[in-house]
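Chemist: So that we are looking at the same thing, I have put the structure below in structure tokens.
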Amino acid sequence: MEKEEQRLAEALEKEKTWELDGITVLRAAVTLPQLSGSSRRVRRFNRYYRRLANAYFVYCGQMLLPYAKAQCKAALETSAPWSHTQAEMHYRITLQTGSVLSLSIDAKEQNGPVPHLTLRRADTWDIKSMLPVPLCELFPPHTPYRRRLIRFARETAAQQAERGLAAYHENYRVLLRRCFSSRNYYLSEEGLRFFYPMYAVAPAAEGIVAFTVPYDAEKGPFAPAAPKK
């Protein structure tokens, strides 16, 4: 019964629009995960994402709406081409096993001709407790995992830049350390994937920069444990 309660249910979908004199200036849409069941752990998980959805709409109203209204007014006054601001937040399951549920959430904004801005966050949940899995738990105790991941990112970025596969800011080695966050990770079939915010370490054309570290049973990161039969 407990396993049934912790299965993904129909996603939480919400949409909201803001108008100026009857004209839609901002539209926001959200799709976030929900679990089926009624246990305390399931309710806590579902409540977390409902609050995230509400917080996103507050952000849109406070941060995006003033700009959207100003753009609309300017376009009406000059008869210039214009389109309403769009914002959306959607999730993607990156790994689901009997022991963990890992996902990434991208929030994208489009303000007319302004380039897309994408903000990413990620969550990895322990299926048994339905509590977040901290990054440190994916490595042996006392492992300097932060230093190790930053070194991996620097080496990978250097190889990519040398081969012309990616472009980074000139001081990317410093930025890879300064902008590293232990919250910015999720799990995939290939390994631990940690990422940096858009613009943080590379030009906008590179989008969200991410690095994948293969699983290692001894040194970590550990692959999710198989469920006990």
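Read-outs: derived from the displayed coordinates by stated rules, not from any lab. As the structure is a prediction and not an experimental result, all values here were calculated from the model. All Cβ positions, glycine included, derive from the backbone under ideal geometry; neighbour counts span all protein chains shown.
Chemist: Expected output is a single nm value to one decimal: the length gained when fully extending between Tyr48 and Ala80, i.e. 0.36 nm times separation in residues minus the C-alpha distance. What is it?
Modeler: 7.4 nm
Chemist: Through the Karplus equation 6.51 cos²θ - 1.76 cosθ + 1.60, θ set to phi - 60°, convert the phi angles of segment 6-20 into ³J(HN,Hα) values in whole Hz; use x for Gly and Pro.
Modeler: My calculation for segment 6-20 gives 9, 8, 5, 9, 4, 5, 7, 10, 9, 9, 8, 10, 10, 10, 10 Hz in order.
Chemist: Can you give the local net charge around Ala161? Use residues other than it whose beta-carbon is closer than 13 angstrom to its beta-carbon, Lys and Arg +1, Asp and Glu -1.
Modeler: -1
Chemist: So if I take the centroid of the Cα atoms in segment 81-103 and the same for segment 149-203, what is the distance between those two points in Å?
Modeler: Using only Cα atoms to place each centre, the spacing works out to 21 Å.
Chemist: What FRET efficiency comes out for Leu20 versus Asp106 if R0 is 30 angstrom and r is the Cβ-Cβ distance? Round to the nearest 0.05. Before the final figure, lay out each step's value.
Modeler: On the way: r = 27 Å, r/R0 = 0.91.
Once rounded, the FRET efficiency stands at 0.65.
Chemist: Between (i) 35, 27, 12; (ii) 33, 22, 15; (iii) 26, 23, 16, which matches semi-axes √(5λ) of the Cα gyration tensor in Å calculated for the structure shown?
Modeler: Comparing each candidate, only (i) matches the computed number.
Chemist: Apply the Karplus curve 6.51 cos²θ - 1.76 cosθ + 1.60, θ = phi - 60°, to the phi angles in segment 56-64 and return the couplings in whole Hz, x for Gly and Pro.
Modeler: 5, 5, 4, 4, 4, x, 8, 9, 9
Chemist: Excluding Tyr185 itself, calculate the net charge of residues whose Cβ lies under 12 Å from the Cβ of Tyr185, where each Lys or Arg counts +1 and each Asp or Glu counts -1.
Modeler: +3
Chemist: On a 0 to 90° scale, report how tilted helix 145-163 is relative to the longest principal axis of the chain, with both axes built from alpha carbons and the result rounded to the nearest 10.
Modeler: So the inclination is approximately 60 degrees.
Chemist: Rounded to whole Hz and in sequence order, give me ³J(HN,Hα) for segment 126-136 from the Karplus expression 6.51 cos²θ - 1.76 cosθ + 1.60, θ = phi - 60°, writing x for Gly and Pro.
Modeler: With the stated coefficients, segment 126-136 comes to 7, 4, 5, 9, 6, 10, x, 9, x, 4, 4 Hz.
Chemist: Comparing Gln34, Gln62, Gln86, which has the greatest mean-square fluctuation in the GNM of the chain with Cα pairs linked when under 10 Å apart?
Modeler: Among Gln34, Gln62, Gln86, the largest mean-square fluctuation in the Gaussian network model of the chain belongs to Gln62.
Chemist: So, counting K/R as plus one and D/E as minus one, what does the shell of residues with Cβ under 11 Å around Lys108 add up to?
Modeler: -2
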